[in-house]
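Engineer: Below are the C-alpha cells for one structure; questions will follow.
Every number here is computed from the coordinates shown, using simple stated rules; none is lab data. None of these values were measured; they are calculated from a predicted model. Heads up, the Cβs are rebuilt from the backbone with ideal geometry, glycines too, and the neighbour counts pull from every protein chain shown.
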There are 2 protein chains.
Amino acid sequence: MNERTDTRGKIVSRATELLKERGYNGFSYNDISGPLGVRNAAIHYHFGSKAELCTELVEQYRELLRSQTSQFMASGGSATEQIEGYFRFCMHECPDCSSLCPLGALAVDFERAPDAVKERAKLLIEETHAWLTRVFEVGKAQGEMSFQTEPSLMAHMLMSTVQGSRTLQRISGHTRLEAVIEGWRAQIFGTTAADNSADTAAA
Amino acid sequence: MNERTDTRGKIVSRATELLKERGYNGFSYNDISGPLGVRNAAIHYHFGSKAELCTELVEQYRELLRSQTSQFMASGGSATEQIEGYFRFCMHECPDCSSLCPLGALAVDFERAPDAVKERAKLLIEETHAWLTRVFEVGKAQGEMSFQTEPSLMAHMLMSTVQGSRTLQRISGHTRLEAVIEGWRAQIFGTTAADNSADTAAA
DNA sequence: CTTGCTACTTACTTACTAGTAAGTTAGGAT
DNA sequence: ATCCTAACTTACTAGTAAGTAAGTAGCAAG
C-alpha cells in the first residue's frame, strides 16, 4: 500500500459516495478515477473487479456500524443511551438525507450482486438487528422502555422505518428522519425529545 | 394501438417487472425485447426514450394505487377498513417480497431521473401520504384508533416502515412484512390480527 | 549499481448501451 | 385495386462499460 497517496483508500471512499448517490449500476470507473486524478486501470490494480471493490466497501461500512454499536455497548450505558446512540448514528450517517445508505442502494441490484457482497450485507443487517433486539429487551426489562410488540419485531420495525424514511425522503425531498426518530421516542419512552435528552444528559 | 398483440402494454409490464427486480440502470432494452419476441426498435417505436417508458410506468403504478385508495374511500367504510385496504394492497403488491416497489427501485437513481418521472413519483407519495393522514385523522376522531403521534407523521412512518421492510427483506431474505403490519395493527388498534379481522368481517 | 517490487500508466479489447434511419408488412378505408 | 397508416423489422451508429496486457517510474534492499 502506498501510504502517502492512499489511492486504494480514496477509491473505496469515492465508490461509497457514488454507491449511496447512484446505486451500483449508476456509476462507472470513470466516475471514480476522474476526480481522483488516476486512470481506470489503477482501480483494477487494487480491485480485481467492481464486485470486489463493492465487497470491501460493504465490509468497511459494516465495520463502521459495528464499531459504533460495540462502542455504545462498551460504554455500559442504559438501554436508553444505547438506542440514542443508534439514533445519533442514523442522523449522522446522512444529515441531509440526500443519499441512501449503502444497503438501500445495494438492495436494488441485490439479486445480481456477488455472493460475497450478499453475505456481508446480510451479516450487517443481522448484527444490527440482534443488537437492537437486545437493547429493546434490556430496555423493557429494566423499565426504561414501554411497548407491547416483541423486541425482535420492534428492532425490525425501527430499522425498516429508518431505511424507508430515507428512501421516501429521496423522492419527496423533505427531510423527515428527525421527526421519525422523535415519533419512535414517543412510542418507546412515552416522552418528548426534550424530556428524554434531559434524561440522557442527567444519566 | 395494436389491440391484438398489445406490444406496448407488454413492454410497460415487462419494464415494471425489471425495474422492481433490478432498478432503472439494471436492465436494458434487450431484457425487454428478448422475452417479448420483438426487436429493440419496437420499444423505440412506442417510447421515445427509456425515460419516457419509465414515466409511463410510474404513472401506471400511481393510477393503480390511486384506484385502490379511491376505491376504499368510495366504499364509505370505516377508517379501519380503509387502512386494512392499504395493508392488503401492500401485501398483494409483493406477496413474497422478492422485488422492490417501483418507487424504492427508482429512489436509487432518482437524482438522475428525468423531471417527468420525479414529478409523478413525488405526486404518488404525496397522494398516498395525504390519504393515509386523513385515514388516521378520521380513525382517531371516531375512536377506532388510538395513538399519540400526529396523523401526518403516523402516515409517514407507516409508509416508511413498509418501504424499508421491503428493502431489508430483499437483503436478509426473510419475509417480515406480515409481522410488520401486525405490529402496526397492535400499535393503532391495540388488538391482534384475529380480533381486528373479526371486526372488519363483522362490519 | 542493479535487482526487484509496488503502484501505477498507456493503449487496447470485447461487450453492451440507448438510440436512429430506412425499409417492410398487414389490414382498413376509399 | 390501391393507398394509407400503424406497427413493426433490419441494419446501423456513437458512446460507454468493465476489464486486460504490457510497459514504466520511483524507491528500497543487497
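Engineer: Hey, can you list the DSSP H helices of chain B whose Cα span along the axis is 20 Å or longer and whose average Kyte-Doolittle score is at least 0.0? Can you show the working numbers first?
Structural biologist: Working: long enough: B:7-22 (22 Å, -0.80); B:50-74 (35 Å, -0.46); B:79-93 (21 Å, -0.52); B:115-141 (38 Å, -0.21); B:151-172 (30 Å, 0.08).
Passing helices, by number: B:151-172.
Engineer: Pick from B:Q68, B:Q148, B:Q82 the residue whose mean-square fluctuation is largest in a GNM of chain B, springs joining Cα atoms under 10 Å.
Structural biologist: It is B:Q148.
Engineer: Further, regarding this structure: Considering only C-alpha atoms, what is the centroid distance from segment B:117-183 to segment A:1-43, in Å?
Structural biologist: 37 Å
Engineer: If the label for B:G34 sits 7 angstrom from Cα along the Cα-to-Cβ line, what are its distances to the same label in every other copy, in nm to one decimal, shortest first?
Structural biologist: Reported distances to equivalent positions: 2.9 nm.
Engineer: Pick from A:S75, A:S98, A:S33: which is most flexible by mean-square fluctuation in a GNM of chain A where alpha carbon atoms under 10 Å apart are linked?
Structural biologist: For chain A, modelled as a Gaussian network with Cα springs under 10 Å, the answer is A:S75.
Engineer: Would you mind listing how long the protein assembly as shown runs along its three principal axes, going by Cα atoms, in whole Å with the largest first?
Structural biologist: 65, 57, 30
Engineer: Of B:L100, A:S70, B:L18, which is farthest towards the positive pole of the protein assembly as shown's charge dipole, taken about the Cα centre with +1 and -1 on the beta-carbons of Lys, Arg and Asp, Glu respectively?
Structural biologist: B:L18
Engineer: Out of every Cα-Cα pair in segment A:51-202, what percent are more than 19 Å apart?
Structural biologist: Summing the P(r) tail past 19 Å for segment A:51-202 gives 55 percent.
Engineer: Looking only at other chains, what is the average number of their beta-carbon atoms within 10 angstrom of each beta-carbon in B:96-103?
Structural biologist: 2
Engineer: Shifting gears a bit: Using all alpha carbons of segment B:1-42, what is the percent of pairwise distances in each 10 Å bin, ordered from the shortest bin to the longest?
Structural biologist: Going out from 0 Å in 10 Å bins, segment B:1-42 shows 30, 55, 15, 0 percent.
Engineer: Now for a separate question. Per residue of A:150-157, count partner chain C-beta atoms within 10 Å of its C-beta, then hand back the mean as an integer.
Structural biologist: Going residue by residue through A:150-157 and averaging, the value is 4.
Engineer: Mind checking which of B:A186, B:G85, B:S172 is farthest towards the positive end of segment B:53-202's charge dipole, using Cβ charges of +1 (Lys, Arg) and -1 (Asp, Glu) about the Cα centre?
Structural biologist: B:S172
Engineer: Dividing the alpha-carbon radius of gyration of segment B:139-189 by 2.2 N^0.38 Å (N being the number of residues), what value is obtained?
Structural biologist: That works out to 1.28 for segment B:139-189.
Engineer: A further question on this structure: Based on Cβ point charges of +1 for Lys and Arg and -1 for Asp and Glu, what charge dipole magnitude is obtained for segment A:117-197 about its Cα centre, in debye rounded to the nearest 20?
Structural biologist: About 360 debye.
Engineer: I've got another one for you. Would you look at the GNM of chain A, springs on alpha carbons closer than 10 Å, and say which of A:E111, A:E119, A:E178 moves the most?
Structural biologist: A:E111
Engineer: Using a simple charge model, +1 on the beta-carbon of Lys and Arg, -1 on the beta-carbon of Asp and Glu, nothing else, what dipole does the protein assembly as shown show about its Cα centre, in debye to the nearest 20?
Structural biologist: Once rounded to the nearest 20, the dipole reads 1120 debye.
Engineer: Place a +1 charge on the Cβ of each Lys and Arg in segment B:62-191 and a -1 charge on the Cβ of each Asp and Glu, then give the dipole magnitude about the Cα centre in debye, rounded to the nearest 20.
Structural biologist: For this selection, approximately 140 debye.
Engineer: What are the label-to-label distances in nm, one decimal and shortest first, from A:E178 to the same spot in the other copies, with labels 7 Å along Cα to Cβ?
Structural biologist: Its label point is 4.0 nm from the equivalent points in the other copies.
Engineer: Put the label 7 Å from Cα along Cα→Cβ for A:K122; what are its distances to the other copies, in nanometres, shortest first?
Structural biologist: When each copy's label point is compared with this one, the spacings are 4.0 nm.
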